[in-house]
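A short reminder: the numbers here are calculations on the coordinates, not readings from a lab. Values in this document were obtained by computation on a predicted structure and should not be read as measured data. So basically every Cβ, Gly included, is an ideal-geometry build from the backbone, and we count neighbours across all protein chains shown.
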């Protein structure tokens, strides 16, 4: 893997750790650089500003979750995997606790390119029609603020998979 890509992944990983500790509002580039074990200047080599970095984190998470779902053995397994990843994400949990405005932005469906990507990935993964994609999306978004237990994830994934 190229050094540039490794640095970018380290930055995004470091940022997610810092967000899990203090939330996105309290995160800063000094702490992110320390967690990523890179210089602050390296962050600016990759991102124009903090906002661009935060968008990259969301995009990276969308890609990671999409890949996990696509590689699942069944629709039920994909739904379960997505549910567990969202419900146990410590950065999301911290943001729900401390960064209400950011969470509202994350769960507000729009015509932003990231939402278009999420919608397309769900349709591709589940072969679902428009109504079913909306159902899946809203079920997953609800878990941002009301995480499910493992047994709830398993039960609801099974029920939702039968609708697809």
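With 10 Å bins from zero, work out the P(r) of segment 50-163 over every alpha carbon pair and list the percent per bin.
With a bin width of 10 Å, the distribution comes to 14, 49, 32, 5, 0.
When the helices in the chain are scored as -39500 (n - 2.57) per DSSP H run of 4 or longer and the sum is shared across all residues, what 222 nm value do you end up with, to the nearest 500 deg cm²/dmol?
It lands at -25000 deg cm²/dmol.
Where does helix 150-163 land angle-wise versus the long Cα axis of the chain, in degrees 0 to 90, nearest 10?
50
For helix 113-126, report the angle its Cα long axis makes with the longest principal axis of the Cα atoms of the chain; keep it between 0 and 90° and round to the nearest 10°.
40
Taking only Cα atoms, what is the 0 to 90° angle, nearest 10, from helix 3-22's long axis to the longest principal axis of the chain?
80
Classify segment 1-81 as rounded, prolate or oblate from the Cα gyration tensor: take a ≥ b ≥ c as the square roots of its eigenvalues, call it rounded if a/c is under 1.5, otherwise prolate when a/b beats b/c and oblate if not.
Prolate, since a/c reaches 1.5 and a/b exceeds b/c.
Between segment 38-88 and segment 133-159, how many Å separate their Cα centres?
18
For segment 45-95, what does the alpha-carbon gyration tensor say about shape, rounded, prolate or oblate, given a ≥ b ≥ c as the root eigenvalues, a/c under 1.5 as rounded, and a/b over b/c as prolate?
oblate
Could you work out the relative contact order of segment 50-163? I mean the mean sequence separation of Cα pairs under 8 Å and 6+ apart, divided by the number of residues, in percent.
Result for segment 50-163 is 37 percent.
Efficiency by 1/(1 + (r/R0)^6): what FRET value for residue 131 and residue 52, r their Cβ-Cβ distance, R0 = 30 Å, to the nearest 0.05?
Taking R0 as 30 Å, the efficiency between residue 131 and residue 52 is 0.30.
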